[in-house]
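Down below is the structure, laid out as structure tokens.
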């Protein structure tokens, strides 16, 4: 029986291309998603053996979605992204992601990453290995995120311009809980205007400028 995979990316053409690549090499695409929140729902529904997702996606980014999937299901997650920055890589592996693959070398690198992850290993694209190790040796440890996973999810939605009612519906929480999360985020970050939250979200890689 072939390995079942879920693909999450907000670009339909890339989802289609990845599906063709994986099916050509004997994998079964059990589901697709266009954002991180949908990916979490699809994974819980179809229970694949592996998840491949983009980092920068609306509603919920790939790192936070990957953390939720890894924590709740134990299913390994491969991030497929254009971002080679050290802080993204470190945060991804801290979140429980099993592999970090650059889109610039997607086909050969992704297939190798899938093989390694299915063996229980972690994988990092060779193109960023040296840079990440060098950064970690010569720089201080990145600051721990002040926000919880749920607070990061709320922050991303606020930064995307979603109302409290909308974000509450998307996350399956009450409007009051959504307002409480927003207030705590502002207190923790000492940022009290939406524009400041947007800038913080971009710096943290929760969304693109």
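Since every read-out is calculated from the coordinates, none of them should be taken as a lab result. Just so you know, these numbers come straight off a predicted model, no measurement behind them. Quick reminder, even Gly has a Cβ in these numbers, built from the backbone with ideal geometry, and neighbours come from all protein chains shown.
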Problem set entry | Most mobile listed residue (167, 21, 110) in the chain, GNM with C-alpha springs under 10 Å | 21
Seminar exercise, completed: Note to self, the chain gives a 222 nm [θ] from helices alone (DSSP H runs n ≥ 4, -39500 (n - 2.57) apiece, / all residues, nearest 500) of -17000 deg cm²/dmol
Problem set entry | Simple spin-label estimate for residue 121 and residue 41 in nanometres, 7 Å along Cα-Cβ | 3.7 nm
Exercise. Could you give the length gained on full extension between residue 21 and residue 199, defined as 0.36 nm per residue of separation minus the Cα-Cα distance, in nm?
Worked result: 60.4 nm
Exercise. What order do you get for 47-56, 60-69 when each peptide is scored by the mean count of other beta carbon atoms within 10 Å, highest first?
Worked result: 60-69, 47-56
For this session: Run the numbers on the chain and let me know its relative contact order in percent, using alpha-carbon pairs under 8 Å that are six or more apart.
Result: 15 percent
Problem set entry | Between 0 and 90°, nearest 10: helix 149-159 axis offset from the chain longest Cα axis | 70 degrees
Problem set entry | Degrees separating the helix 36-46 axis from the principal Cα axis of the chain, which is the longest one | 50 degrees
Exercise. In whole Å and largest first, what semi-axes does the C-alpha gyration tensor of the chain yield when each eigenvalue is scaled by 5 and square-rooted?
Worked result: 29, 21, 14
For this session: Go ahead and set up a Gaussian network model of the chain, Cα springs under 10 Å, then flag whichever of 74, 96, 34 fluctuates most.
Result: 74
Problem set entry | On Cα atoms only, tilt of 175-189 relative to the major axis of the chain in degrees | 90 degrees
